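Data first, discussion second: the structure below is written as structure tokens.
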Amino acid sequence: MSKKIAEYVNFIFRNAPNTREAMELKEEIENNVSDKYNKLVAGGLDEEQAFSKAIASIGNIDELLDELKHSAVKETSAVENENRQKEKKMIRVFLEAAAVMLFVLCPVPVIMLSNEIGVVWMFVLIACGTGVWIFSSLFKSQQNEDDIGRSFAEYKNHYKPKRRLFRKTKSLIWSCTTLLYLIISFLTRRWDITWIIFIVSGIGVSILDIGMDED
């Protein structure tokens, strides 16, 4: 009779999602029905009557199965969203690395050509690096709606003014860096050395960003 009970439970769970929660529930129901059947048989009922009463004790589980399906859909959606966020992060890291490489290489045309054309190519590389860096921001990870709702007030009251100040400060630093680089380079003609100012500025901006996050 235990095989018959298992077949019946499998039948009512035929449309259940293939999740650990559904499997555990099916096993629990099957064990409960088997226990009830054994008690009824021990109480004097014949096997068919005991089986019918034990099966009837399950009741209607359609609503419970609907909840399992809904839970499975949410779980699948969460996994897919997490995978999308990982892919976006990988793309963003690659683009940011490409942008940094363009910034680092921008003095090379000036060093190699030592004329106005080299300067033009330097600005082309800087423009390309800036474009790639801006484009990489499109792949930043997004919080889900619940996280946004919980953190919006805190962000607005504490972080938003600081981040606005940081963006303005960073823009000013890079503008001054570019201007200082051009002035020093044209005065000294040492294009092979003066590009290091961009690395120093980048380190300074990173330190400032870390300080803002810690606050």
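The values are calculated or read from the model by the stated rules, or taken from the named source; none is laboratory data. Values in this document were obtained by computation on a predicted structure and should not be read as measured data. Note: ideal-geometry Cβ built from the backbone for every residue, glycine included; neighbour counts use all protein chains shown. Only protein heavy atoms, including side chains, enter the accessible area calculation; ligands, DNA and RNA are left aside. Shrake-Rupley method; radii C 1.70, N 1.55, O 1.52, S 1.80 Å.
A few remarks follow.
- Measuring only protein heavy atoms, the 1.4 Å probe finds residue 176 accessible over about 70 Å².
- For the stretch 1-98, size of Cβ-based charge dipole, Lys and Arg +1, Asp and Glu -1, in debye: 400 debye
- Principal axis box of the stretch 17-72, alpha-carbon based, largest edge first, Å: 42, 18, 11
- Length-normalised contact order of the stretch 1-118 in % [C-alpha pairs under 8 Å, at least 6 apart]: 22 percent
- A simple spin-label model places pseudo-atoms 7 Å from Cα toward Cβ; at residue 104 and residue 62 they are separated by 6.5 nm.
- Using the Stokes-Einstein relation with a Kirkwood hydrodynamic radius computed over Cα pairs, the translational diffusion coefficient of the chain at 20 °C and a viscosity of 1.002 mPa s comes to 90 µm²/s.
- Estimated dipole of the chain in Debye, rounded to 20 [Cβ of Lys and Arg +1, of Asp and Glu -1, Cα centre]: 1420 debye
- Checking the cross-link pairs 26/74; 3/74; 86/168; 26/88 against a 27 Å limit on the alpha carbon distance flags 3/74; 86/168; 26/88 as lying beyond it.
- When nucleic acids and ligands are ignored and a 1.4 Å probe is applied, residue 24 ends up with an accessible area of around 100 Å².
- Gaussian network model of the chain, springs between alpha carbon atoms under 10 Å - residue of 56, 97, 22 with greatest fluctuation: 56
- Per-residue surface analysis assigns residue 174 an accessible area of about 90 Å², computed on protein heavy atoms at 1.4 Å probe radius.
- Whole-percent carbon and sulfur share, accessible surface of the chain, 1.4 Å: 60 percent
- Surface accessible to a 1.4 Å probe, per residue, for the residues of the chain, Å²: 71 Å²
- Taking N as its residue count, the alpha carbon Rg of the stretch 66-117 over 2.2 N^0.38 Å: 2.28
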